[in-house]
Amino acid sequence: MNKLLTTITLLCFSVAANADVWFCETVVQALLDDEGGSVYDTSPDFIIDTDQGFRILTPLVQVYRGSCRQTFGELLIERTPLIFCEWTFGSSLSAEMLIINVGLETFTYTELLGNGGFGKGVSTASGTCTKA
């Protein structure tokens, strides 16, 4: 019984140790909605954990959302390693997607705004990432 518990514990820790954690800083953000459009030069910044999902870097929100997976995208001739994260919330037809280009250490974030109180539209951000 002790061997079984030890094995389960070791497996759990080894899975957790395989997660990649990234800190991503927004360089530019744009918003286009029912009201018009705006461009911002700051916020939001993100933490991405490939096991837990992603979250906006703020002391007020500590909860990860969505799911992330490592994949490859086609960029010109070569296959590019990517981390792809997504989250869809409720019946409001709103969704978030965050993609990290691992080789370039850059990211793109897109939020599709449904009828969640902000009107309909799209918000997007891009910037740089650092692997922890």
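The values are calculated or read from the model by the stated rules, or taken from the named source; none is laboratory data. This structure is a prediction, so every number in the text was calculated from the model and none was measured. Please note: Cβ atoms are built from the backbone with ideal geometry, for glycine as well, and neighbour counts cover all protein chains shown.
If I go through region 68-110 residue by residue, how many of them are among the acidic types (Asp, Glu) and modelled with pLDDT of 90 or more?
The qualifying residues number 3.
Can you tell me which residues in region 19-41 are in a loop (DSSP other than H, G, I, E, B) and over 17 Å from the mean Cα position of the chain (by Cα)?
Asp34, Glu35, Asp41
Consider only pairs whose beta carbons are under 8 Å apart and that are at least six residues apart or on different chains; among these, list those whose first residue lies in region 111-124 and is farther than 21 Å from Ile99 by Cβ and modelled with pLDDT under 90 and whose second residue is in a strand (DSSP E or B) and aromatic (Phe, Trp, Tyr).
Gly116/Phe89
Would you check which residues across region 39-63 are at pLDDT below 80 and closer than 20 Å to Ser94 by Cβ and list them?
Of everything in region 39-63, those that are at pLDDT below 80 and closer than 20 Å to Ser94 by Cβ turn out to be Tyr40, Ser43, Val61.
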